[in-house]
Every structure is written in structure tokens, then in C-alpha cells.
Amino acid sequence: MAHSSSAEHVVVIGGGATGALIAVGLAERGFRVTVVEKAQVGNGSSSRSAAGIRAQFSTEETVVGMQYSEWWYSHFHDLLHSPPDVHEQPVMRQNGYLFLYEDPDAVPAWQPRRRQELARIWQLAQVAADMQRRVGLPVEVLTPQVVQERWPHLLPDRLLGATWCPTDGFLLPHMIYTEGFRRAQELGVKVQQQTEVQGAMLHAGRIRALITSQGTIEADWFVNATNAWAERVSPRIGGMTLSVSPLKRYLYFLKPSQPVMDEATWHRLPMTIYGVGSQRGAHSRPEHDLLLLAWAHETEPETNFDDTDQDRIDPPFRHDNGIDNYGYAILAQVEEFSPLLANAGGLVATTCGFYGTTPDANPLIGFDTQQQNLIHVVGFSGHGLMHAPISTLLVLALLTGEADRGHVRLPPPFDHATIDLSTFAPGRVFDRSRKETLVL
């Protein structure tokens, strides 16, 4: 496949964090770049994210990539040449991620399958931790006693152990895409908002131009960074069918009625995952003086959702819908591990948005199988914000031909590592692909 030269024109579809950082990366390499966004920048999942960032995954390529992303975000303002007033505001808080694993003996004897599942999950967690340490991640495997010593609000009773990584944490989404697009425009990127992609002009297996609500845009390359919208955008421009399902996810906010720990300790609380496996996965982190809570629920894809549906809160999920709502189900999960937090106050807000999920919970990053000059970077299963720096690096390697036999070598200080692009290939066979198991 012929690759591009830096004089060529690239159109990025999607005005979220991924689109912003890709635009910056391309412009820095000398490409002419246009970003098209059907509403305003940050219209989609980027502005509705739980904003976690972690490298504790079970897929080695993702662990490597997320170490790069964490490094990149730690240098965010320097890399984007932020103005002095913005430079003082950190974009990442590295409070860490703490995964709690249950002791099978804490489950009643009449649930043997659940007991077996918990034993297997703990074995896999230790295997994953070994892999993560091998590729350079400072992960610790903790005993229940150590967990309680470090975080006294957590009960050790039902724990078998935990994994902890201090370099994980959470991000400020608004700053990422606003500063990203500020820098992009400073570099000459054209950002067209209120510009919806409606179709494409095709010729000989390539896209010649996009047909948009604001006219036709010709270019040499096209990048689909629409995430939850990707399934509908790709065929609209002649691309392949993408296995990306939009799933609604909710966030809840608890306001303590009185302090349950000193302020400094509260603001240092890690993202904590209260059990892993079936019927588990509730998690929380501090959000200023509130506690942000979430838990993935069983739901069907909403393939025809519109922008207003992003903020549509269905009655069973409203925090003010009595005590018979999903927010209180999350608190019940938390209470089994930390009664102090679960009973600290009341729920005061609910927000929501869409994950763009894939069958194996790994993203789609690579060339389209129908149009030679179309690259997809979508389907992050709730992890797009944290992936944005490494996603940018991989898209640049694809466009410039810098991938060596399907592998991308990372820049210093990670130049010892490579990423196998086949892990994220949009056309991969999901029945044979490696499934990411640590998805929240």
C-alpha cells in the first residue's frame, strides 16, 4: 500500500480528544489537516467520560501503549506548548488504580461456580501482573492486610488480594480536547464544526472527497475518529462494516454529608474497583469533594441514538428515582468492601454517555478493508480518552509507513518496545482475537 508524504491533506472525522491529538500530531509532521465535527468539539464521549487512565490491562500491546500515554499526559503542557496560565493546571492526577479481588471463601458454599470463577480470576490477575511488570509497569500484588494498612476505609474480610499501580489515575477531559484543538489551530489545522459527514465520492478503491452538510472536502487521506458513531459513519463513506456497538453507561456522584477522612486523604483516593468478574466491577474515585461511582450494566446497543440520547437518563437509572435505582445498586456493591464510603452521604447527580464497544474490548486502529486511504481509530470500549496519545502515534505510523512489518516501535523513553498492529486491526476475526478481560 502506498503511504503518504507530509505534503498531503488529511481529513479527521470527529472532534473529540482522539481527533484533537491526531490533528496535532499530523500538523507537527507537516500534513495539511482538516477536522470535521458534526456538532461542537467535545460533543461525544470525550466530554462524558469517567476520565480514568491506567495501564493495568490484560493485553500486552495495550499495557505498552498506555505506559506511553501516561508519559505523554505527564508532559501534556510542554508537548502542546500551553500558555502560562493553562500550564499551571495539571491534566492528570496519578492517584493510582486499585483492583480488589474477592476470596472464594467469602462466597457461600452453595455457589461453587462463583467460587471457581473467583479463584480463576485471581490466578489471571497474577499472570497479568507478571506480564505488566515484565514490560515495565510498577504493579504491586497486595495482601488484604496491606490493602487495609494503606487504605483503612477498605475492609479486608472478603479480600483475597489486590493489584495496585501508582502511575494510573484520572484525566481532565475538557482540557485535553480544548488545548488539543487550540494547539492544532495554532499549527494551521482547519477545524470545521457543525459539519456532518453525509457521504463520499469514491474512485478505484479510494475516497476522493467527503460530502458534508457544509459542502465537499477533497483530501488524500481520511481518519475516522468517531468512536460510538463509527458503525454508521464507515459505510456512509464507502468503508467496511465496523464491529462497534454504542452502549449507554452512567456515572453517579455522591456528596458526603460530613467528612469521613481528612481532605488530603480524600483527594488522594485511588480509582478503586470493588471486585472483578460476573456481577462485580463497581468502581469509584474522588471528583473534587464528591465521589464519582460507576458500574457497567447489561444493556442492548443503541445503534440509532442521536446527540440528545447521550444525556437521556432512563428512570431506572435516575439517582432521584427513590432507592430503586441503579445508583443505589452500585452503593450496595461498594458497601460490601467499604461501608464507610457507601454510607458517607447521598447521590446528588447522574450523567451518562455512550461507550463504543468491540467484541473483544480492544480498539480498531488500522486501514479500512474497502477504501485504501481510510484509517479507523475507534471502538475503545470506554478507554478512548486514555488511549488518545498512543492512538495518535499508531495513526501517524500507519500514514507515514513507519510501521515495520506490522509493528510500531515507540519513541524514547519507550524505544525498547513495539506494538503489534494486528491486535487492533479493524478486519480481525474476533472469534480468534485476544479478548481484553480488564474492562470496567
query: Taking the condition outside any strand (DSSP E or B), at pLDDT below 95 and among the hydrophobic types (A, V, I, L, M, F, W, C), does Ala55 pass?
result: no
field: Index of the failed condition, Ala209 passing every other in (1) surrounded by 15 or more Cβ atoms within 10 Å (Cβ to Cβ); (2) within 26 Å of Ser338 (Cβ to Cβ)
entry: (2)
- prompt: How about the range 379-392: which of its residues are part of a helix (DSSP H, G or I) and in contact with a strand residue (DSSP E or B) (Cβ under 7 Å, 6 or more places away or on another chain)?
  reply: Leu385, Met386, Ser391
- prompt: Taking Ala296, is it touching a residue at least 60 places away in the same chain (Cβ under 8 Å) and not aromatic (Phe, Trp, Tyr)?
  reply: yes
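Listed here are the residues, each with its yes/no results for (1) in the same structural domain as Gln56 (by TED's automatic domain parsing); (2) surrounded by 20 or more Cβ atoms within 10 Å (Cβ to Cβ); (3) modelled with pLDDT of 95 or more.
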{"position": "Arg285", "(1), (2), (3)": "no, yes, yes"}
{"position": "Leu291", "(1), (2), (3)": "no, yes, yes"}
{"position": "Phe305", "(1), (2), (3)": "no, no, yes"}
{"position": "Asp311", "(1), (2), (3)": "no, no, yes"}
{"position": "Ala329", "(1), (2), (3)": "no, no, yes"}
{"position": "Gly345", "(1), (2), (3)": "no, no, yes"}
{"position": "Gln372", "(1), (2), (3)": "yes, no, yes"}
- request: Grab the strands (runs of 3 or more DSSP E) fully contained in the range 125-234, keeping just those with 3 or more residues being without any contact (Cβ under 8 Å) to a residue 40 or more places away in the chain and in the same structural domain as Ala51 (by TED's automatic domain parsing).
  value: 197-203, 206-212
message: Against the definition (touching a residue at least 60 places away in the same chain (Cβ under 8 Å), assigned to a helix (DSSP H, G or I) and out of contact with any Asp or Glu (no Cβ under 9 Å at 6 or more places or on another chain)), how does Val86 come out, yes or no?
response: no
- prompt: Taking the range 3-23, which residues are surrounded by fewer than 23 Cβ atoms within 10 Å (Cβ to Cβ) and among the aliphatic types (A, V, I, L, M)?
  reply: Ala7
query: If Val429 satisfies every condition in (1) over 21 Å from Ser234 (Cβ atoms); (2) in a loop (DSSP other than H, G, I, E, B) but one, which is the exception?
result: (1)
query: Applying the selection to the range 359-370, what residues are under 20 Å from Arg48 (Cα atoms) and either surrounded by fewer than 24 Cβ atoms within 10 Å (Cβ to Cβ) or aliphatic (A, V, I, L, M) (or both)?
result: Ala361
- request: Identify all residues within the range 243-258 that are more than 17 Å from Phe317 (Cα to Cα) and out of contact with any Leu (no Cβ under 6 Å at 6 or more places or on another chain); write none if there are none.
  value: Ser243, Val244, Ser245, Pro246, Pro256, Ser257, Gln258
- prompt: Do you know which residues across the range 95-125 are aromatic (Phe, Trp, Tyr) and more than 20 Å from Thr272 (Cβ to Cβ)?
  reply: Trp110
query: From the list Arg268, Arg232, Arg280, which residue is of a type in the set (Lys, Arg) and surrounded by 17 or more Cβ atoms within 10 Å (Cβ to Cβ)?
result: Arg280
task: Please find, within the range 363-386, the residue that is farthest from Phe430 (Cα to Cα) out of those that are more than 10 Å from the chain's Cα centre (by Cα) and polar (S, T, N, Q).
output: Asn373
message: If I filter the range 408-423 for residues that are under 21 Å from the mean Cα position of the chain (by Cα), surrounded by fewer than 16 Cβ atoms within 10 Å (Cβ to Cβ) and closer than 16 Å to Thr59 by Cβ, do I get at least one hit?
response: yes
task: Return the only residue of Pro286, Pro246 being under 30 Å from Pro166 (Cβ atoms) and assigned to a strand (DSSP E or B).
output: Pro286
message: Which residue is surrounded by the most Cβ atoms within 10 Å (Cβ to Cβ), if the candidates are limited to the range 106-120 and must be touching a residue at least 40 places away in the same chain (Cβ under 8 Å) and among the hydrophobic types (A, V, I, L, M, F, W, C)?
response: Leu118
message: Can you find a residue that is touching a residue at least 40 places away in the same chain (Cβ under 8 Å), assigned by TED's automatic domain parsing to the domain that holds Trp229, in contact with an Asp or Glu (Cβ under 6 Å, 6 or more places away or on another chain) and not in a loop (DSSP other than H, G, I, E, B) anywhere in the range 399-412?
response: no
query: Out of the range 24-50, which residues are modelled with pLDDT of 95 or more, part of a loop (DSSP other than H, G, I, E, B) and in contact with a strand residue (DSSP E or B) (Cβ under 8 Å, 6 or more places away or on another chain)?
result: Phe31, Glu37, Lys38, Val41
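Residue-wise test of (1) within 20 Å of the chain's Cα centre (by Cα); (2) among the small types (Gly, Ala, Ser).
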{"residue": "Ile22", "(1), (2)": "yes, no"}
{"residue": "Glu28", "(1), (2)": "no, no"}
{"residue": "Phe31", "(1), (2)": "no, no"}
{"residue": "Ile53", "(1), (2)": "yes, no"}
{"residue": "Phe57", "(1), (2)": "yes, no"}
{"residue": "Glu61", "(1), (2)": "yes, no"}
{"residue": "Ser74", "(1), (2)": "yes, yes"}
{"residue": "Phe99", "(1), (2)": "yes, no"}
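The values are calculated or read from the model by the stated rules, or taken from the named source; none is laboratory data. These figures come from a predicted structure and were not determined experimentally. Don't worry about glycine lacking a Cβ; one is built from the backbone with ideal geometry, like all the others, and counts go over all protein chains shown.
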